[in-house]
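One structure is given below, encoded as structure tokens.
The values are calculated or read from the model by the stated rules, or taken from the named source; none is laboratory data. Computed from a predicted model, the values in this text were never measured in an experiment. Don't worry about glycine lacking a Cβ; one is built from the backbone with ideal geometry, like all the others, and counts go over all protein chains shown.
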Amino acid sequence: MRTVELDHVCVMDHVALLLLCVAPVARCYSSGQVVDSCEDMRPHHSGLSPQTVPAPFSVTAEHSSYKPGEQVTVQLQALGSTPFTGFLLQAREVGGQSPVGSFTLTSGATQLLTCSQRPNSAVSHRSGSVKTSIQVTWSPESTTDRKPVHFHASFAQNFRTFWVSVTSPTVTFINNSTGGSETPPPSPTTTSPLPNTTILQPAEPAEKISRADCGVTKVCFSQPSDCDPAVSADCYFMSAMMLSPSDAAVRYELTGPSDGYVSFGFSDDQMMGNDDIYVCGVGSDGLVRLQRVFSTGRTTPQAVPLGNVSELTVSAEDRVISCCFTSMNSISTQRSTGLKNSYYLLFAHGPSSRGQIQFHTATFISTDKVHISRPQTIREAGQPPIIRAHGALMLTAWMTAGSLGMMVARYLRGMAKGQTLWGKDVWFLVHVVVMSVTTAATVIAFILPFSHVQTWSEGAHPVLGCLVMSFSFFQPILALLRCGPQHPLRYLFYWSHVLNALVIKALAVAAIFTGLKLIDSSPDQWLMKVMGGFVSWEVLFFILMEVHVKWKVNRADSLESNMITADLLLVALFLLGNISFLVALLVGIGTS
């Protein structure tokens with residue numbers, strides 16, 4: 001009994017000692033009273049070291065320069081879906097180790113600290129709640145000797161994971177009294193009236209973008225492949241050129257025809273989500289803006305601070321939007337970070353509404369991962385096999401099998417007149433089998449893209465596909481519920497069956513056209529032209545068959561065997577041309 005009591009006391013002593021050790025750390029971390037971290041900006045978490053990979057957070061200033069008496073808005077921002085729970089922010093002269101200036105709070109989630117005996121010279125969190133954005137105001141000191149400053153911040157994702165001294169781009173000082181500045185003021189192209197946006201005034205000339213030096217000094221990615229934006233206005237193009245590996249400076253070019261925006265991004269895979277993206281688009285005021293966003297899944301990308309971007313030139317002329325800029329920002333997809341890694345290149349373009357980007361109308365992706373420090377010409381990745389299978393099944397279903405089934409029911413009943421099998425007319429059995437294959441192929445083709453994308457895509461193609469699926473599902477049900485041949489209401493079934501088939505055919509053709517437009521990256525839209533020829537071929541033969549039917553009615557005295565021979569020749573010629581067009585389109589889809 002005595003031993004149990006001693007063991008209990010021993011355990012309680014250990015627990016009490018542990019709580020005494022942890023309590024100060026937990027209290028300091030959650031309350032933000034971290035004045036002991038003012039000098040080195042390191043959270044004093046015993047035995048733990050800061051992260052060495054680039055932080056998924058940024059520090060940006062509203063302006064790239066400041067004047068006497070002017071306040072500067074500073075923003076701390078999570079670049080993706082990873083929030084932070086704690087932070088410490090200071091302003092320091094470039095190369096200095098002591099805080100300068102003072103802060104004013106604009107959020108209740110923050111508090112002021114006294115560092116190096118300077119009141120209000122630092123800002124930290126008030127609690128351990130999750131945060132994605134913090135904004136404060138900084139004021140310079142009243143002395144006349146002012147230097148360029150950096151804003152330094154340390155971020156804590158949790159107790160064990162933290163980053164130290166994440167630094168903003170340089171904020172220079174402009175002295176109005178002397179008319180000069182220690183550092184030349186930024187050009188109009190780098191002025192940022194909004195934290196996440198850079199605007200170029202309309203009068204600023206745009207840089208000419210071309211394929212020159214592609215594969216020699218810069219990485220190039222375009223659609224159509226090898227197009228030159230200096231020659232063709234229908235060229236979607238981006239390039240990246242390392243200016244200084246030591247400074248991680250990259251010169252980007254981006255251009256393409258669009259009613260809203262063009263964009264490119266870096267990704268760890270060939271799917272949308274966790275991508276670092278630059279968007280060049282027309283705002284609600286008609287000015288072209290460069291914006292940096294981070295995509296999370298297939299939802300609207302989240303705007304993030306533009307960061308260290310300079311030498312921006314933009315233009316919007318005859319629907320062609322262009323942006324050229326130099327960036328010293330690191331690339332971050334959360335899973336991979338830094339310019340030394342390889343990424344897939346993404347390109348997307350689409351409309352915008354009141355300056356807000358809408359879902360892209362088209363996108364293309366690089367075949368392989370790319371290292372932007374290695375000049376090369378990048379090829380566009382082909383469509384995934386599951387999407388190509390979707391297109392092949394829809395073509396086979398509604399441009400071959402479905403057409404044959406409709407032709408058998410309409411024109412070939414007389415070829416096997418009086419011949420039955422299992423108590424049914426042979427033509428009817430052929431029609432049922434062919435149309436059953438058509439419906440089955442339609443169902444499979446409908447399921448494949450949804451299983452791949454796993455979400456709804458905007459645009460006409462998915463809407464048309466859903467309509468084709470719905471009417472196709474209704475057609476066999478209508479056939480099963482039909483009344484007998486001698487029933488007085490039989491004509492209702494006949495016309496509803498025929499009209500529904502024609503509606504499905506028209507919707508299927510429209511769906512195939514819109515689908516081919518999404519994957520046809522050839523300069524002359526080759527697949528679209530072949531599909532146009534395919535439709536014309538079918539229309540021509542349905543007209544010929546109708547003329548032949550009328551001719552047979554008027555020539556009742558002709559030999560029936562001659563009529564059947566003519567029917568067979570027409571059907572054989574139709575199938576020969578039909579299959580030729582089908583093979584050409586299947587080959588085009590396979591190589592898209």
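Key figures for this structure:
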{"read-out": "Qualifying position, being closer than 30 Å to H152 by Cβ and buried (at least 18 other Cβ atoms within 10 Å of the Cβ), among L346, L290", "value": "L290"}
{"read-out": "Scan of the stretch 111-149 for residues that are more than 23 Å from T170 (Cβ to Cβ), surrounded by 13 or more Cβ atoms within 10 Å (Cβ to Cβ) and free of Cβ contacts under 8 Å to residues at least 60 places away in the same chain, ordered by number", "value": "L112, K131, T132"}
{"read-out": "Hey, W163 among the aromatic types (F, W, Y), over 33 Å from the mean Cα position of the chain (by Cα) and either on the phi < 0 side of the Ramachandran plot or at pLDDT 90 or above (or both) or not", "value": "no"}
{"read-out": "Cβ-Cβ under 9 Å pairs, at least 6 apart or on other chains, the stretch 366-378 side touching a residue at least 12 places away in the same chain (Cβ under 8 Å), far side among the acidic types (D, E) and surrounded by fewer than 16 Cβ atoms within 10 Å (Cβ to Cβ)", "value": "P375/D213; T377/D226; I378/D368"}
{"read-out": "Any strands (runs of 3 or more DSSP E) falling wholly within the stretch 287-380 and containing at least 3 residues that are modelled with pLDDT of 85 or more and closer than 25 Å to P56 by Cα", "value": "288-295, 309-317, 320-327, 344-350"}
{"read-out": "Number of positions in the stretch 128-164 that are among the hydroxyl-bearing types (S, T, Y) and within 15 Å of V35 (Cα to Cα)", "value": "1"}
{"read-out": "Filter result for the condition that a residue is in the same structural domain as V370 (by TED's automatic domain parsing), hydrophobic (A, V, I, L, M, F, W, C) and more than 20 Å from T377 (Cβ to Cβ), over V262, V219, V231, V279", "value": "V279"}
{"read-out": "Candidate set: the stretch 385-399, residues that are crowded, with 16+ Cβ neighbours inside 10 Å and at pLDDT below 85; chosen: the one farthest from S332 (Cα to Cα)", "value": "R388"}
{"read-out": "Failed item, numbered, when S102 is tested on (1) in contact (Cβ under 8 Å) with a residue 40 or more places away in the chain; (2) surrounded by 15 or more Cβ atoms within 10 Å (Cβ to Cβ)", "value": "(1)"}
